[in-house]
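The values are calculated or read from the model by the stated rules, or taken from the named source; none is laboratory data. Source: prediction; values computed, not measured. Glycine gets a Cβ as well: all are built from the backbone with ideal geometry, and neighbour counts include every protein chain shown.
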Amino acid sequence: MKKNILVVYYTQSGQLKAIADSIVGPLAGCNVVFHEIKMEEEFPFPWTGDSFFDSFPDSFQQRPHRLKPVPPEILEGDYDLVLFHYQVWFLSPSIPVTSFLKSDEGRKLLSGRPVVTVSGTRNMWILAQEKVKKLLKEAGADLVGNVALVDRAGNLVSVVTIVDWLFSGIKRKYLGIFPMPGVSEEDIRGAAEFGRIIQKHLEAGTLNSLQPELAANGAVRVSSFLLSVDQKGNAIFKKWAQIIEKRPAQRKFLLKLFNIYVILALYVVSPVVFVFHILTYPFWRRSFLKEKEYFQRV
């Protein structure tokens, strides 16, 4: 009997849909159903600076927005596996993804079902995944696998290329000299290997042992530096979000200050932090290896 797979995703640029298509490519023997998360009020793409930073407080604090209903034929389907694709906004799952995970319809689709999460991000996904894990648990889902695809360009380079993509809406080599933004075409095509691994475990009924094989094949890479930045960034973003929320009359002004802070943190603070990280890494390497092992699991 054919297995039924539900593919849930939210995308603005089309990158996550391309990743989803690559992963399900080897699943030709399965019935695959796609559901694209749709908002009642869509976010812009390309973004403007004001609209992008205005989404920060709700994104980081995981406040849901109104979604368009899930079509009845999808909502009533019987699925053997859910492939859940998401983006990261401001070190948290995007507002559309959070909205889906917290919605009654989303929880109905996920409850009691095995789920593989698939993220496509610039580079920092680890603590966002922890937040997704919590929401999946609250929805009654069984997380059995995780694939985290990232932009392989260096941290400061990928900031430049992603910003150009977000605010122009065009995926291009910025100024003709920077690399293409986002997850590389090679990695998107290579995601088909994860589909083959998923199919093997789905057919064999061994989804509970899926993640070790995914991790062994490069589905999850953990950087000690990016993990450190992710952890520190979450602590700082929490304070910024609280300050902005407590002063609604000053929201626009405070968001502009937050914008300036982010730019300074990326281009002034992070290079210094990186050097410090390299110098001190030998003293906490053992601790990181334990964290790495944890984050490669589900």
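Descriptive notes on the structure:
- Residue that is farthest from ARG122 (Cα to Cα) [pool: residues in the stretch 220-240 that are among the small types (Gly, Ala, Ser) and assigned to a helix (DSSP H, G or I)]: ALA235
- Number of the condition not met by LYS134 [criteria: (1) in contact (Cβ under 8 Å) with a residue 40 or more places away in the chain; (2) under 25 Å from ARG107 (Cβ atoms)]: (1)
- The conditions of being exposed (fewer than 13 other Cβ atoms within 10 Å of the Cβ) and within 24 Å of SER270 (Cα to Cα) are not met by LEU166.
- Residue selected from the stretch 70-105 under the condition in contact with a helix residue (DSSP H, G or I) (Cβ under 7 Å, 6 or more places away or on another chain) and either in the same structural domain as GLY233 (by TED's automatic domain parsing) or assigned to a loop (DSSP other than H, G, I, E, B) (or both), by the criterion farthest from ASN146 (Cα to Cα): VAL70
- Which listed residue, of ARG297, ARG286, is under 30 Å from SER209 (Cα atoms), among the charged types (D, E, K, R), surrounded by fewer than 13 Cβ atoms within 10 Å (Cβ to Cβ) and touching a residue at least 60 places away in the same chain (Cβ under 8 Å): ARG297
- Residue match in the stretch 33-49 (condition: modelled with pLDDT under 95 and either assigned by TED's automatic domain parsing to the domain that holds PRO72 or not polar (S, T, N, Q) (or both)): yes
- Filtered by the rule that a residue be of a type in the set (Val, Ile, Thr) and surrounded by 18 or more Cβ atoms within 10 Å (Cβ to Cβ), the stretch 130-159 gives VAL132, VAL144, VAL147, VAL150, VAL159.
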